[in-house]
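Structure record follows, encoded as structure tokens.
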Amino acid sequence: MDEFLIDFQSESKTLVGQLLEILEAIESDYSQYKRLEEYGNIVDRIMGTAKTLAEAVPELKVVMDSIGSYGELCKAVSYKASQIADNRNLHTVMVALLLDATEMLQSMIDHIRDSKELDLKKVLSKTFLDRLRWASQQFDSSVRATLDYGDQNTQATINDLLKALGV
């Protein structure tokens with residue numbers, strides 16, 4: 001189990017570094033808003049590995065499920081924000097939100113060993129959750145939460161992901 005954790009933490013820390021680099025590069029450069037798709041692809045790797053470990057290592061199920069679901073939330077926000085081509089102010093807010101979210105993801109990854117359980121209700125502040133809910137209201141139903149261009153009725157929304165996380 002320790003080997004899995006060490007590998008997951010090492011790889012995830014590298015990926016979180018890439019996420020932060022993207023956000024810092026586009027924070028003041030609205031023309032790069034499409035790079036949020038790249039963010040989504042990278043956070044998807046963390047999400048997928050966490051969900052796989054949740055199934056493969058029973059002792060890690062709760063914490064890895066939480067990290068995986070939180071990664072899914074970050075992915076949905078980034079993909080939706082990557083489609084906002086005409087609203088510089090919303091872009092600025094979404095990048096700031098993702099910076100905060102990525103720092104929280106980094107903290108979760110750093111502290112996996114501290115707890116076998118990860119209660120997202122305690123990790124995510126009310127202010128952050130309120131900002132996520134506000135953000136979800138800024139996107140109309142035609143804005144995708146994934147890169148899949150198929151039927152959007154089957155795609156999870158930010159509010160649905162928050163409910164799934166229990167917050």
Rounded to two decimals, the Rg over Rh value of the range 1-67 from Cα coordinates and the Kirkwood Rh reads 1.10
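Too long at a 21 Å Cα-Cα cut-off: which of LYS13/LYS80; LYS51/LYS126; LYS34/LYS80; LYS34/LYS75?
On the way: LYS13/LYS80 24 Å; LYS51/LYS126 25 Å; LYS34/LYS80 10 Å; LYS34/LYS75 13 Å.
Result: LYS13/LYS80; LYS51/LYS126 exceed 21 Å.
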Karplus-derived 3J(HN,Hα) from phi for the range 20-35 (6.51 cos²θ - 1.76 cosθ + 1.60, θ = phi - 60°), whole Hz, x at Gly and Pro, runs 5, 4, 4, 4, 5, 5, 9, 3, 10, 10, 4, 4, 9, 4, 5, 5
Need one word for the range 14-145: rounded, prolate or oblate. Basis is the Cα gyration tensor (sqrt eigenvalues a ≥ b ≥ c); a/c below 1.5 gives rounded, then a/b vs b/c decides. prolate
Alpha-carbon Debye profile of the range 57-134, log10 I(q)/I(0) at 0.14, 0.21 Å⁻¹: -0.50, -0.95
Hey, what did the range 1-124 get for relative contact order, percent, Cα under 8 Å, at least 6 apart? 31
How long is the gain from ALA96 to GLU3 if the chain were fully straight, where each residue apart is worth 0.36 nm and the alpha carbon distance is subtracted? 30.1 nm
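A short reminder: the numbers here are calculations on the coordinates, not readings from a lab. Quick caveat: nothing in here was measured; it's all calculated off a predicted structure.
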